[in-house]
1. Report the charge-dipole magnitude of segment 227-376 in Debye, nearest 20, computed about the Cα centre from +1 at each Lys and Arg Cβ and -1 at each Asp and Glu Cβ.
2. For every other residue with a beta carbon closer than 13 angstrom to the beta carbon of Glu58, add +1 if it is Lys or Arg and -1 if Asp or Glu, then tell me the sum.
3. Pull out the extension gain between Thr311 and Lys202, defined as 0.36 nm times the separation in residues minus the alpha carbon to alpha carbon distance; nm, one decimal.
4. Listed here are the pairs Lys320/Lys353; Lys121/Lys262; Lys175/Lys229; Lys69/Lys320; Lys165/Lys202; which of them are more than 24 Å apart at the Cα?
5. Hey, rough spin-label estimate for Val371 and Lys232, points 7 angstrom out along Cα→Cβ, what's it come to in nanometres?
6. In degrees from 0 to 90, rounded to the nearest 10, what is the angle of the helix 142-155 Cα long axis to the longest principal axis of the chain?
7. Suppose we keep just the DSSP beta bridges with both residues in the chain; what percent of those would be antiparallel, to 5?
8. In segment 227-265, whose amide N lies under 17 Å from the spot 7 Å out along Cα-to-Cβ of Glu281? List them in ranges.
Amino acid sequence: MKIEAITLREIRMPLVHFFETSFGRTTERRILLLTVHTDGPEGWGECVAGEDPFYSEESVDTAWYAVEKYLAPAFLGKTIKRGTEAPAIMARVRGHRMAKGALENALWDAEAQTRQVPLWKLLGGSQSEIPCGVSIGIQNSHEQLLEKIETELSAGYRRIKVKCKPGWDVEVFGKIRDRWAEILLSCDANSAYTLAQTDHLKKFDRFNLLMIEQPLWHDDFYFHAQLQKKLKTSICLDEAIHNARDAQAAIELGSCKIINIKVGRVGGFSEAIAVHNVAQENNIPVWCGGMLETGIGRSHNIALSSLKNFTLPGDVSASKRYWKEDIIEPAVEVSSEGMITVPQSVGRGFKIKTDLIEKLTVRKQTLQAGVSSAAD
Ligand code: OSB
Ligand code: MG
């Protein structure tokens, strides 16, 4: 595949319902999409960086900068055969994993079309359907949260994850368990606690949670190991795992018993597969996290989730939970059994709605080999 041009674009999309975590509330998404124009098909990638550097150091603006100034120029005019070649080409740039991931995944997206195979097959997947859970943000009231859980359970979702923080935790879990004693329930703190709150975190053990996700600092797995020794509830790491080496270290230290894999957080499909494999070799189950993606990122998450060790329900759910109209067709749907069918068609398995994307675009720039660029 000869890389002839790369288009960066920012789209804006309001969420159907606000999403609140321990670090803040999002009502409208700003999303960076990348298109890799090859001498054959076009590959699409979605950058999962947020509007602000609150989940990780990256944001839409830092990702745009990294792609425009360093990452895209490293590919323009080059010919590559496979998406797996991408990490080495970008290795000189440190960090900026979400920016790198968007570009690498766009290349895999193009490669699958070039080879006329489904993307999931190219990634080494084997599962034909994937179990789905939902991540439910902090709400305005306990009643509103219980109503949301009710809706998602009746839609068929197999695991409910609730965001938590000091003041929105044990009382909330108690109310959920009073109503649904048996459901698969987990919580995600997004680093809202410290080790000094260990006694408080031990109270979580009463609620038979499947896991507590990233309770301590975003960049830590040493102190998570100390905490895990004191908790019955399994710790799952999200923010702290940036690559397969982190996963290996966290597993050896005993920092977690479960790992959440987000392809953008680890810098692209190659590293996501490597994290998956390290976990599998160590009997650590993984699941696919979500970052309020549009259908492009979502379709890539579905393909990744078809790998064998994705055994727990992920945060990959139906398009309509996020968007009035998604930018792919068909929209991602979840069956009444809480499953997504992995598409059998070539590539990502979903068509891009280019007209809609054009309408949603607020900023766009195409970089070409040997041509200095100008923003539209
Ligand atoms: O920690 O998993 C997280 C969304 C934005 C940032 C961080 C997280 C999340 C989610 C949303 O939990 C999952 C989804 O896409 O539904
Ligand atoms: Mg998380």
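1. It works out to roughly 260 debye.
2. +1
3. Working it through step by step, the gained length comes to 36.6 nm.
4. Lys175/Lys229; Lys69/Lys320
5. It is 6.4 nm.
6. Orientation of helix 142-155: about 60 degrees from the principal axis.
7. 65 percent
8. 242-254, 259
The values are calculated or read from the model by the stated rules, or taken from the named source; none is laboratory data. All values reported here derive from a predicted model rather than from experimental measurement. Don't worry about glycine lacking a Cβ; one is built from the backbone with ideal geometry, like all the others, and counts go over all protein chains shown. Areas reflect the complete protein model, heavy atoms only, side chains present, ligands, DNA and RNA absent. Shrake-Rupley method; radii C 1.70, N 1.55, O 1.52, S 1.80 Å.
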